[in-house]
1. If you take the residues of region 91-129 that are of a type in the set (S, T, N, Q) and out of contact with any strand residue (DSSP E or B) (no Cβ under 8 Å at 6 or more places or on another chain), which of them is modelled with the lowest pLDDT?
2. When only residues in region 1-35 that are closer than 18 Å to C47 by Cα and not in a strand (DSSP E or B) count, which is modelled with the highest pLDDT?
3. Within region 109-123, is even one residue part of a helix (DSSP H, G or I) and among the aliphatic types (A, V, I, L, M)?
4. Being within 14 Å of D115 (Cα to Cα) and charged (D, E, K, R) is the filter here, so list the residues in region 126-157 that pass it.
5. Of the residues that make up region 195-207, is at least one acidic (D, E) and either at pLDDT 95 or above or under 30 Å from D22 (Cα atoms) (or both)?
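The values are calculated or read from the model by the stated rules, or taken from the named source; none is laboratory data. The shown structure was predicted, so the numbers you read here are calculated from the model rather than taken from an experiment. Reconstructed Cβ throughout: ideal geometry from the backbone, glycine too, with neighbour counts over all protein chains shown.
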Amino acid sequence: MPRPQQAHWIVSAGDLRSLPPDRGFEVAFVGRSNSGKSSAINAITACKGLAFASKTPGRTQTINFFGWGTNRYLVDLPGYGYAKVSAHQTRDWALLISTYLRERVSLRGLVVVMDVRHPFTERDVELLKWVAPLERTVHVLLAKADKLSRSQGLTALELSRKRLTQILPSSGIQLFSATSGAGVAAARTVIEGCLAGRQKNPPVKGE
């Protein structure tokens, strides 16, 4: 399994021609702008500052690849749903992301990051329904769980699990906080399983 200190930036691709060679195993992170994707990558790899985490939505405008072991990669995709991004840029991002998700042979898992306080937005549901036929391993992180009490978090988890079951019943879902560390170990285990080439992971029941 990859060690935290092995994580490092590889390349930022702004178009399909700039993508690195399609080999090895990759796990991609996707979600609404400011959902916590970059913070999740930093927490899971235990490399602070590896992925740029900004409080300004829409800052991730390229597909960012990070090495995490031999021929193993984590991929930070541009966030979606940010109103101040131009329609032209939105179309470009949509084409870039959709083509990557559909055609990338080395993509073994998709981590969908949602703000636990506002899960399953219209864009989130659209994404999940779109990737369902692709038969990718999908794992949902209900991020920023530290913003809720334990009881509120468990309630949100249960409601979200029921919603996810309606869309992608084989997917996993869990609470996650890059700030407190809650759920980081569980998420890391799921991602390591994808990067090791193992097949679909069972839903995470706890945390």
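1. S98
2. A7
3. Within region 109-123 (the criterion being part of a helix (DSSP H, G or I) and among the aliphatic types (A, V, I, L, M)), the answer is no, since none of the residues qualifies.
4. Within region 126-157, K144, D146, K147 qualify.
5. Within region 195-207, not a single residue is acidic (D, E) and either at pLDDT 95 or above or under 30 Å from D22 (Cα atoms) (or both).
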